[in-house]
Amino acid sequence: YSNPEYETDQGSFDELPARLTADKTEEEIEAMREQRRMRNDEFQFETYYGTFVKDAEWRGEWTVYETSTFIPGCEGVKDENGLPKLVKPKREIKAVCTSERRGGGEAPGGAEDGGSRDVPVGDGNFITSDVIVHSEVVVTNEAADSSLLSRREKDADSGFGSSPSSRAEQGGSTREVNKRKYWPEELRTGDFRGPQGNMCVGNAYTLCWSEALGPRPSAGEEDAGPLAMLKPGANSGPFSKLNMEVGIRYGEVRLRCKLDYRIKNKEASGLFKSKTPRLFLKAVTICRERLGQWPTKKEKAFYGPSGATGGLFDPPPVGSPKQAGSYMQLDLEGYATALFPHALDQDPKAHDGNGWCVSLDWTPGKMRYQADRKFLGGKNVKGLKTLELSEVASEQAEQYRPKGGPEDMRQ
């Protein structure tokens, strides 16, 4: 999906019925356009639900890379390219991901009226008010084979099945992993618009969660505390945290890349140097998942040779040389490569207002896919510009590889 401004769905006066162009106001025409947008919201919601959520229990092995930027004593450590080092744990984490579709609340006229729970869009039509609630649980190797892994036992915040000894062996704190959010608590149809950072196209999707950076405490406001972070999930920045994920499904397997961005500790403690501090990458989580079963080391889609063959199939534009220096690339086992920024500027003037991109290229079998989450810069860094999906037969990838250099997908 690559039209967050809904420009191609606005309608023109030539397309409108004569009765609208002759005697209806611009407000009524805009109301009709909004109905189209809401229909598109519902289409993406239902596509995401049907492709990634419905009747799905994803069992996965997660690799959580921590960046040197936030490791005490290693903040200034860089690799040979001058980029933050990614520290890979000794062992992977086992996790179970499920989602549930729930009714969206009481009917507009009150439950006793028996009114519809759905949202009216005019002309007697409605779109669903249902919500999707996600749950991710980290488990130990012992619990992975336990009959306790039933839907009713799962709790996204409980750390189910974890123990202090297993946490150290698996790498990363299960408590920390479970505290990280990558989507709204309740995902609704209206969340699938550009500013919210969530979109779905075909067998790829992207979700986002943010925490706004609150105003600095004034002198004497002791009750405000050193951390004035307000309104989690706000669509406009600046932000103190910005988490996002990009996922691709192929049959009964799925690959996800989760990115955890946040301001540095000195800014979080109230010692702000800027009203729009940079967001730095704290962790990268790669999730290799299979429906109803645990992945095995024998699966080439997960543990085949590292890196996408020949590099990214369609390298995205990454801006000026200075902005390009904020990107890093990670080759993954299973014929996959991820490209993402290690730092995000929230200053509207930075890089002439140019946006950013996260790319995930994966060849799980006969098909090769590349999903590009292209998002805005400055205070709108949460907002999506486009979500683009390229797909090609894996054996024909080199033949059809774009030759014109990095460019955005044509509208």
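Miscellaneous remarks
- Measuring against 23 Å, Cα to Cα, the residue pairs K88/K382; K85/K379; K78/K297; K241/K349; K179/K282; K90/K298 contain K88/K382; K85/K379; K78/K297 as the ones spanning a longer distance.
- Surface composition of the range 299-364: carbon plus sulfur atoms hold 52% of the accessible area, using a 1.4 angstrom probe and ignoring ligands, DNA and RNA.
- Chain lengthening between F43 and D79 when straightened (0.36 nm per residue, less Cα-Cα): 8.6 nm
- L291/E185 FRET efficiency (R0 25 Å; Cβ-Cβ; nearest 0.05): 0.55
- Once Rg and the Kirkwood radius are both taken over the C-alpha atoms of the range 348-405, their ratio Rg/Rh works out to 1.12.
- Accessible area of Y327 in the full protein assembly, 1.4 Å probe (Å², nearest 10): 20
- As a length-normalised measure over Cα pairs under 8 Å and 6 or more apart, the relative contact order of the range 293-411 settles at 23 percent.
- With the simple model of a label 7 Å out from the Cα in the direction of the Cβ, E398 to E252 spans 3.3 nm.
- Long-range HN-HN contacts of R401 with modeled amide H, under 5 Å: none
- Distance in nm between pseudo-label sites at R36 and R101 (7 Å out along the Cβ direction from Cα): 2.6
- Globularity index of the range 279-320, i.e. its alpha-carbon radius of gyration over 2.2 N^0.38 Å: 1.64
- Pair-distance distribution P(r) for the range 286-411, from all Cα-Cα distances in 10 Å bins starting at 0: 12, 39, 31, 15, 2 percent.
The values are calculated or read from the model by the stated rules, or taken from the named source; none is laboratory data. Nothing here was measured: the structure is a model prediction, and the numbers come from that model. Note: ideal-geometry Cβ built from the backbone for every residue, glycine included; neighbour counts use all protein chains shown. Only protein heavy atoms, including side chains, enter the accessible area calculation; ligands, DNA and RNA are left aside. Shrake-Rupley method; radii C 1.70, N 1.55, O 1.52, S 1.80 Å.
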